Each structure stands twice: as structure tokens, then as C-alpha cells.
Amino acid sequence: MEFELSSEMRELQLSVRHLAQAKIKPRAREIDATGDYPQDIFDEFQKADLLGLCIPEEYGGSGAGIMGLTLAIEEVTKYSNVLGLMLLLTRLPTGPIMIAGNEEQKQKYLPGIARGTQRAAFCLSESGAGSDVAGMRTRAIEDPDHEGRFLLSGTKCWISGGMQADWLVVFAKVGDPTSRLHTGIWGFIVDAHAEGVTRPRVDRKMGVKGIDTTEIVFDNVAVGPRDLIGGGFALAMESLNAMRPIVAARGIGLAEGALMYATQYVKERQAFTKTIAEFQGIQWEIAKCATEIEAARLLTYRAAWLADQGKYTKEYVPMLSMAKYFASEVAVKASRLALQLLGAAGYMEDHPTEQYYRDAPQLTIVEGTSQVQLGLIARGVLSRDLWWD
Ligand SMILES: Cc1cc2nc3c(=O)[nH]c(=O)nc-3n(C[C@H](O)[C@H](O)[C@H](O)COP(=O)(O)OP(=O)(O)OC[C@H]3O[C@@H](n4cnc5c(N)ncnc54)[C@H](O)[C@@H]3O)c2cc1C
């Protein structure tokens, strides 16, 4: 058993830490205030070669894997959850292609993401089908005029990065859209500028501002056989399973950032002739929070290690879900504590604590809510899969 990062991973962690301190920390509040897409930071990520961390070297990436991306996202999210999301979006839509795509698809779609010349989004959720993926109604019917071609129709919603995306991975049902048959759900790669694709509205969100979520409508969009991934419901789930440490990384980064900020404040703020940090009641809250963050980090790093070994199939689900569940809940708790530790100041826009507090709950919702993760963990415990032979 090895608890140290390899020298390459440590180097990556430190270089992203420095980049985050120099470029992200000064910009984070402004990005939140304007809500404008931070192209300047995308360019910084591109220059620093961070957009291809999880993409194998043979497809133009740096091959740092999910572990590398996890470490980078943790550092970035100490200051900005939305910029953690920017890095996450290099993996979410490329995941299904890396897992189940053919060689031609990998050659065509992965290098552009790694180089930063293309962006993509992942289209699974619908207004009536978020947690309940099998309830989706988007459908793909075979084009009667072109053999092997499909026509896609339906509406996806809350799609992160949908406005900037050049291509989309879309999950749709082939056959009866009311059927809950798992094999009837297939993945397709869709040109975001194709005829029939529209992005009629962006959402007004409480946090994670700077990368919009959008509704995307597909109206008889033609998708050729070369852009069919297939895969079934299992592909959607395995893609999300492999993402658990990456979302969890945003949770631990946000929690660390919020706690670091509040800790600095309590060492300076005076009350009752002392600094607030000298009160034992405050120290214990900080200590409990730090312990939970470390526990979340261990779960997250282990989940990243599992995912990098291809261990994101059904039997590993509880371990992966624990990381996402725990780290995102710790982020919410830490952001609440940080705000409280600053008192009135923490409630005001003069400090980033109110932003951490608005940004954190997104993590307990996206890519499987906390309740959905608990369901998956419970299934592992009840079936005695975890610690028993
Ligand atoms: C900012 C943001 C960005 C997003 N980005 C994307 C994206 O890029 N691509 C994409 O496809 N989707 C995206 N989503 C959608 C997200 O994945 C869904 O919101 C999520 O899966 C939950 O679905 P829902 O919102 O429909 O909630 P619902 O499924 O309606 O759930 C509502 C509540 O019921 C609970 N619940 C549901 N089922 C159960 C159950 N079986 N047991 C116990 N409790 C249950 C949930 O935990 C939740 O508390 C994004 C969402 C947000 C907020």
C-alpha cells in the first residue's frame, strides 16, 4: 500500500497549485459576478497542457489519467468551482468514447479536446428524467431513406457547457421511447452545429456561474453510423461511475478553499480581547471539518486509482459512489462553516464565502444526487459485496 503521490503526480499538483494561485484566485469573483464564459482561463489551461490530462497520449493527451485530472481539479476548485467544472468537461463527454468508442471515433474526437481546439458536452438529463435515466424520451429512429443513419429527436436540459460545445454525446432510445428496457438506450455523437440542433435557452443559476447550463433541442437530427457509440444504459452508467472521483475532487477542493479562507480570517479577527481562533469551540469545528476533508480526499484518491485501472464497472460502484457522496456533502458543510466563521462579513459579497456557499450544493445534485449515491452504496452493503467474501 502506497500513500505517497508519484513524483510526476506531485509535480502536476504543484504546478496546478501555482497556476491556480496566480491566475484563478484573482479572477474567481469576477467570473461569478459577470457570469461570462472565462475564455482567458481556458487559454491558460490550454497553454499549461491541462485540457488533455485524462486523454491517452496516443490521442494527443498527456495520459495523466483520472488521478491527474482529480489532482488538478482539486487545486483549481480551491478558488473556483466553475473552473473545476471547465476541466471536468474534458472528461465527461469524452468518457463514453474512451470506454466504448471505436478507433476512428477516438482519433476524430479526442485530440481536439486535448489540444483545446474543440469543446464538448454530455447530454443525458431531461426535464422529466434526471435521476431516472431510463425515463428519458429522446429517441433515435432509423432513417428510412439512408441505411444505417438515425434521426434524433428530443430535448435535453441543464447541459453544462452546452453553449460552447462543438460536439455532443447524446443518449437516446432506439425503439419505443416509453420502454424502460436498458438495452434500448444508445449513445450518439452529434455535431452541435448540425441542422436540427438548437439551444433555445440558458438557465439562470444560483452558483457555478461562468459556464452556462442550457437546454438543447434535437429535431430530426441526422446521425450517421460512424457516430453511433451504442453501449446501452450500461455505457451511460459506467461513464458516470468513472466520473465519481472527478466530481468528488471538486468537492474536496471547494471544502479546502473555503476552510483555508475562513481559517485565515479567524486568526486575525478579534473578539473578547482574543482572536476568534483562540476559542476552543472554533478550533474544534475547524478540526472536525479538516478531518472530514481528509477522509473525503482518501475516498476520492482511491476512487481515482480504481477508475484508472478500469475498475468502474458494477462491482466497484459503492466505492466510487462513496467518494462522490461524501466529498460533495463535505463541500456543503465546509462552505456553511466558513460562512459562519466570518459572521456578518461571511454573508457579504466582500468575501468569497457566500460564493462557496452558493456553489457547493451543485455538487450534491449533478451526476447522481446524494440520494442516488446512497441508494447505490446501500445496494452494495445489502448484497454483502463490500467487506465479505
Ligand atoms: C448545474 C447543473 C449542471 C448539470 N449539468 C448536466 C450535464 O452536463 N449533463 C446532464 O445530462 N445533466 C446535467 N445536470 C442534471 C443533473 O445530472 C440532474 O439534475 C440530476 O441527475 C438529478 O436529476 P433531477 O434534477 O431531475 O432530480 P430528480 O431526479 O427529479 O430528483 C429530485 C429529488 O428526488 C430525489 N430522488 C430521485 N430519485 C430518488 C430515489 N430513487 N431515491 C431517493 N431519492 C430520490 C433526488 O435525490 C432529489 O433530491 C446538471 C444539473 C445541474 C444542477
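Look at the range 23-34 and say how many of its residues are exposed (fewer than 15 other Cβ atoms within 10 Å of the Cβ) and either of a type in the set (Gly, Ala, Ser) or not in a loop (DSSP other than H, G, I, E, B) (or both).
3
Quick one: in the range 127-177, which of the residues that are more than 25 Å from Pro111 (Cβ to Cβ), touching a residue at least 40 places away in the same chain (Cβ under 8 Å) and among the polar types (S, T, N, Q) is surrounded by the fewest Cβ atoms within 10 Å (Cβ to Cβ)?
Checking each candidate, the answer is Ser131.
Restrict the check to the range 294-316 and report whether at least one residue is modelled with pLDDT of 95 or more and within 16 Å of the ligand (Cβ to nearest atom).
No, the conditions are met nowhere in the range 294-316.
Which of the residues belonging to the range 213-271 are out of contact with any helix residue (DSSP H, G or I) (no Cβ under 9 Å at 6 or more places or on another chain) and either free of Cβ contacts under 8 Å to residues at least 24 places away in the same chain or at positive phi (or both)?
Asn220, Gln264, Ala271
Do the conditions hold for Leu386, that is, is it at pLDDT 95 or above and either surrounded by fewer than 23 Cβ atoms within 10 Å (Cβ to Cβ) or away from the ligand (no atom under 16 Å from the Cβ) (or both)?
The answer is no for Leu386.
Select, from Leu376, Leu337, Leu342, the only residue that is at pLDDT 95 or above and either within 16 Å of the ligand (Cβ to nearest atom) or touching a strand residue (DSSP E or B) at 6+ places or on another chain (Cβ under 7 Å) (or both).
The match here is Leu376.
Can you tell me how many residues in the range 237-265 are among the polar types (S, T, N, Q) and either closer than 16 Å to Ala327 by Cβ or surrounded by 21 or more Cβ atoms within 10 Å (Cβ to Cβ) (or both)?
Selection size over the range 237-265: 2.
Residue by residue, here is whether (1) within 16 Å of the ligand (Cβ to nearest atom); (2) over 15 Å from the mean Cα position of the chain (by Cα) holds:
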| position | (1), (2) |
| --- | --- |
| Tyr79 | no, yes |
| Leu83 | yes, no |
| Gln107 | no, yes |
| Gly116 | no, yes |
| Ala120 | yes, no |
| Ala165 | yes, yes |
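Which residues, counting only those in the range 351-362, are surrounded by 20 or more Cβ atoms within 10 Å (Cβ to Cβ), assigned to a helix (DSSP H, G or I) and either over 15 Å from the mean Cα position of the chain (by Cα) or within 6 Å of the ligand (Cβ to nearest atom) (or both)?
First pass over the range 351-362, keeping only residues surrounded by 20 or more Cβ atoms within 10 Å (Cβ to Cβ): 352-357, 359-360, 362.
Narrowing the set further to residues that are assigned to a helix (DSSP H, G or I) leaves 353-357, 359-360, 362.
Correct list: Thr353, Glu354, Gln355, Tyr356, Tyr357, Gln362.
Quick one: would you say Lys156 is at pLDDT 95 or above, within 11 Å of the ligand (Cβ to nearest atom), outside the structural domain of Leu85 (by TED's automatic domain parsing) and in a loop (DSSP other than H, G, I, E, B)?
Working: at pLDDT 95 or above: yes; within 11 Å of the ligand (Cβ to nearest atom): yes; outside the structural domain of Leu85 (by TED's automatic domain parsing): yes; in a loop (DSSP other than H, G, I, E, B): no.
Answer is no for this residue.
Answer with yes or no whether Glu268 is among the charged types (D, E, K, R) and either within 26 Å of the chain's Cα centre (by Cα) or loosely packed, with under 12 Cβ neighbours inside 10 Å (or both).
In short, yes.
Can we say Ala72 is over 26 Å from Gly224 (Cβ atoms) and not assigned by TED's automatic domain parsing to the domain that holds Pro225?
In short, yes.
Among (1) in a helix (DSSP H, G or I); (2) surrounded by fewer than 24 Cβ atoms within 10 Å (Cβ to Cβ); (3) within 16 Å of the ligand (Cβ to nearest atom), there is one condition Ser321 misses while meeting the rest; what is its number?
Tallying (1) in a helix (DSSP H, G or I); (2) surrounded by fewer than 24 Cβ atoms within 10 Å (Cβ to Cβ); (3) within 16 Å of the ligand (Cβ to nearest atom), Ser321 fails exactly one: (2).
Of all residues being assigned to a strand (DSSP E or B) and of a type in the set (S, T, N, Q) in the range 179-224, which is nearest to the ligand (Cβ to nearest atom)? Just the residue, please. Working first, answer last.
If we filter the range 179-224 for residues that are assigned to a strand (DSSP E or B), which is where we start, we get 185-191, 197-202, 213-223.
If we keep only those that are of a type in the set (S, T, N, Q) as well, we get 198, 213-214, 220.
Values: Thr198: 17, Thr213: 5, Thr214: 9, Asn220: 21 Å.
Checking each candidate, the answer is Thr213.
Kindly list the number of the only condition in (1) within 21 Å of Lys288 (Cα to Cα); (2) within 16 Å of the ligand (Cβ to nearest atom) that fails for Ile365.
In the conditions (1) within 21 Å of Lys288 (Cα to Cα); (2) within 16 Å of the ligand (Cβ to nearest atom), Ile365 misses (1) alone.
The values are calculated or read from the model by the stated rules, or taken from the named source; none is laboratory data. What you see is a predicted model; the values in this text were computed from it and never measured. Ideal geometry is used to build each Cβ from the backbone, glycine not excepted, and the neighbour counts take in all protein chains shown.
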